Amino acid sequence: MNNSDKISNNKLGFIKNLGIFDLDRWEEIWITITHNKSRSILTAFGVFWGMFMLVAMVGAGVALQRGMNSQIEGFATNSCFVWADRTSLPYNGLKKGRGWDMLNEDIPVILNKVPEVQYLAPVLFGGGGTNNVTRNDLAGTFNVKGNYPSYNMIDASKMVYGRYINDVDIAEKRKVCIIGERVYEVLFPTKENPVGKQIKVNGIYFQIVGVGRHTSSVNIGGDEQETVVLPFSTMQQAFNQGNVVHFLAVTAQPGVKVKDLEEKIRTVLKERHNISPDDKSAVGGMNIEDQFTMFLYLGIGIASLIWVVGLGTLFAGGIGISNIMLVTVRERTKEIGIRRALGATPRNIITQILSESIVLTLLAGIAGLVFGVGLLYLVGVGLSQSDQFFKDPQISFGVAIASLFILLVIGTLAGFLPANRALSIKPIEAIREE
Amino acid sequence: MITLTDINKTYYTEATSLHVLKGIDLHIAKGEYVSIMGASGSGKSTLLNILGILDNYDTGEYLLNNKLIKNLSEKQAAAYRNELIGFVFQSFNLINFKNALENVALPLYYRNISRKKRNIIAMEYLDRMGLKDWALHLPSEMSGGQKQRVAIARAIISEPKILLADEPTGALDSKTTVDVMKVFKELNDSGLTTIVVTHEKSVADETHKIIHIKDGLIENIENRR
């Protein structure tokens with residue numbers, strides 16, 4: 001039988017030479033990989049473990065980051081707080097250790113002299129003793145705070161019911177209040193809508209206009225969940241606080257360093273209250289931006305370390321594959337020689353060895369990815385209710401794709417050396433080898 | 001078909017050099033059945049390797065099927081080996097994890113023939129060798145004679161212009177040797193130029209022309225027809 005028709009050049013040959021669509025070659029690769037299963041599995045384990053560790057660690061890093069972020073969720077990270085403290089230096093004939101108060105009049109001066117202020121919220125604190133908040137025969141001991149509407153721009157509460165304090169409440173000194181979720185639970189055990197209902201705070205009736213859920217773990221003047229917030233002006237008048245301001249919450253305009261803003265406000269306050277410009281402790285302050293930046297750098301540090309260690313492990317796995325494949329090529333010297341004698345081109349040999357390396361790396365890597373994601377899922381399910389500092393361990397789709405790309409690179413690099421070794425095999429020497 | 005003119009080949013090691021072929025002139029016509037004989041170290045295997053484009057020569061000229069075989073790239077050499085030459089080796093050189101059918105079909109894989117098509121062709125060739133029922137067996141499950149017939153099927157599946165056999169019966173018993181030589185004879189009768197390197201006189205006697213090599217030179221050519 002004449003085969004010339006059958007074995008004439010296949011017109012699809014050039015497509016096959018591209019390799020990717022060559023099913024035969026994939027079958028060929030599969031036969032080689034499965035021919036020595038235990039060796040292939042041992043070889044692949046390094047990459048599997050590297051990928052598994054990378055995914056697990058990146059997921060854990062993400063969970064830590066999310067945990068940290070949840071601690072400050074809803075809290076403006078460009079904020080600082082200022083309060084009056086005792087002086088530490090004598091000034092203008094006044095002794096050191098003098099107490100002083102911030103006053104309502106300071107506010108417009110600060111806003112005027114410090115244009116870097118974005119939001120400014122004066123705050124007033126008040127207690128009231130045991131069971132200071134009551135509704136009919138229900139009572140609880142809660143914090144009481146006087147706020148401006150702008151406070152919710154700095155330390156946001158999500159409104160579960162109703163609204164936050166507004167400008168009209170301040171202007172008309174309305175007897176209204178916002179209660180925290182815990183206050184709501186105690187005073188409204190039947191979970192009814194509390195908006196419009198009256199409660200007594202330190203003996204005075206206030207109408208509830210909203211229930212706030214506090215998401216951040218940063219609390220100013222007590223747990224916001226256990227706080228009744230009144231309009232600042234109402235609280236000053238109703239509880240005889242005069243024109244005193246206990247606390248200032250401030251955020252900086254975009255691009256302004258909070259540290260600089262804090263310093264300017266201190267300077268204004270010192271000028272207005274006869275305090276030495278060198279007095280470091282007369283105006284107390286706290287800078288959230290510094291804390292947040294520390295968190296941020298900590299997160300970046302952890303993430304970088306994870307990637308360095310993870311990629312190192314993955315590369316170690318790749319080196320393992322390369323090593324084993326070098327041994328494999330040595331063992332297959334004769335086979336490669338035979339293939340070359342039968343017409344395999346250098347490209348055929350290189351693509352075969354490279355493909356084997358890539359397939360082995362990718363299979364092992366994908367298995368590591370799947371197991372890693374599975375582990376993260378299980379840990380996530382176990383944690384979902386409890387831990388606040390370790391939340392939703394996951395890796396993003398982008399990270400998964402990037403990892404696969406890295407695997408592809410590792411697989412190619414791992415196969416490169418063995419492929420070159422295979423290419424250097426002379427068919428004649430290989431065939432002679434027994 | 002084959003014309004060798006003043007072919008020289010020297011092997012170099014770090015300290016010494018060995019002039020293996022010292023000016024070989026040889027012409028083998030289409031359809032000839034030739035054997036090459038010589039003592040160990042005479043250069044007969046080197047000559048076969050050069051003929052099979054498995055090794056290079058230093059000086060001279062080698063024309064195969066009117067193509068000059070000189071300074072070929074690896075890719076060209078691979079293509080010529082695939083198109084023009086069929087190899088049969090003493091130790092069969094089958095790939096041990098492939099069955100008989102896959103081994104026979106392998107040269108067609110490097111011609112980008114589809115698996116289905118090459119398996120059909122490979123089965124025909126196995127059938128010609130009387131091994132149809134052994135198609136799915138691994139080499140380790142076959143006798144020496146069977147393995148050599150699989151190797152012959154693999155060598156001729158791509159319809160080469162010449163068949164080169166290096167001590168093809170060296171690993172076979174006398175009865176199997178006769179069977180294998182019969183196959184070579186049939187192939188030559190069908191028009192395939194066949195060259196056998198052997199040190200067995202009985203094998204050489206089957207061919208039409210015996211080329212005796214000694215110390216890298218053709219000592220004499222014995223025409224037997």
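The values are calculated or read from the model by the stated rules, or taken from the named source; none is laboratory data. Computed from a prediction, not measured in an experiment: that's the story for all the values here. Note that we place each Cβ from the backbone using ideal geometry, even for glycine, and neighbour counts take in every protein chain shown. What goes into the accessible areas is simple: the full protein's heavy atoms, side chains included, and nothing from ligands, DNA or RNA. Shrake-Rupley method; radii C 1.70, N 1.55, O 1.52, S 1.80 Å.
Brief remarks follow.
- Nearest-ten-degree value, helix B:74-84 long axis tilted from longest Cα axis of chain B: 70
- Alpha-carbon geometry of segment A:101-272: the Rg and the Dmax are 16.4, 53 Å, given in that order.
- Inter-label distance, residue A:92 to residue A:259: 2.9 nm, where each label sits 7 Å from its Cα along the C-beta direction.
- On the basis of the beta-carbon distance and an R0 of 30 Å, residue B:225 and residue B:175 show a calculated FRET efficiency of 0.70.
- Cα-based convex hull, chain B, per residue volume (Å³, whole number): 130
- Average projected area [Cα convex hull, segment A:38-132], square nanometres: 14.9
- Fraction of accessible area attributable to carbon and sulfur, chain B (%, probe 1.4 Å): 48
- Principal-axis tilt of helix B:100-109 within chain B, Cα atoms, nearest 10 degrees: 60
- Solvent-accessible area of residue A:426 with every protein chain in place, 1.4 Å probe, in Å² to the nearest 10: 100
- Relative to the dominant Cα principal axis of chain A, helix A:288-331 is inclined by about 10°.
- Residue-normalised accessible area of the protein assembly as shown, given per residue in Å² at a 1.4 Å probe: 46
- Working note: Karplus 6.51/-1.76/1.60 with θ = phi - 60° gives segment B:36-48 the couplings 10, 10, x, 6, 4, x, 6, x, 5, 5, 4, 4, 4 Hz, where Gly and Pro are set to x.
- Comparing mean-square fluctuations of B:152, B:113, B:121 from a GNM of chain B with C-alpha springs under 10 Å, the top value falls on B:113.
- Percentage relative contact order, chain A, counting C-alpha pairs under 8 Å, at least six apart: 27
- Accessible-area loss of 40 Å² or more (1.4 Å probe, protein heavy atoms, chain alone versus all protein chains) is found in segment A:26-47 for A:28, A:31, A:35.
- Around the amide H of residue B:59, modelled in the peptide plane, lie the amide H atoms of B:8, all under 5 Å away and 5 or more residues distant in sequence or on another chain.
- Threshold 40 Å² - residues in segment A:325-345 whose accessible area is reduced by that much or more when the chain is no longer isolated, probe 1.4 Å: A:335, A:338, A:339, A:340, A:341, A:342, A:343
- Sites residue A:104 and residue A:77, calculated FRET efficiency, Cβ-Cβ separation with R0 25 Å, nearest 0.05: 0.35
- Report summary: the helix-based calculation at 222 nm, which adds -39500 (n - 2.57) for every DSSP H run with n ≥ 4 and divides by the residues of chain A, gives -17000 deg cm²/dmol.
- Stretch gain in nm, segment residue A:267-residue A:39, where the contour uses 0.36 nm per residue and the Cα spacing is subtracted: 74.8 nm
- Antiparallel %, DSSP beta bridges [both residues in chain B], to 5: 55
- Alpha carbon Rg of segment A:141-238, scaled by the compact-globule rule 2.2 N^0.38 Å: 0.96
- Between residue A:171 and residue A:396, the FRET efficiency estimated from the beta carbon spacing at R0 = 51 angstrom works out to 0.60.
- Kirkwood hydrodynamic radius (C-alpha pairs) into Stokes-Einstein, the protein assembly as shown, 10 °C and 1.306 mPa s, D in µm²/s: 49
- Segment A:340-434: Cα Rg divided by the 2.2 N^0.38 Å rule of thumb: 1.69
- Amide hydrogen neighbours beyond the local backbone of residue B:214, cut-off 5 Å, H modeled: B:219
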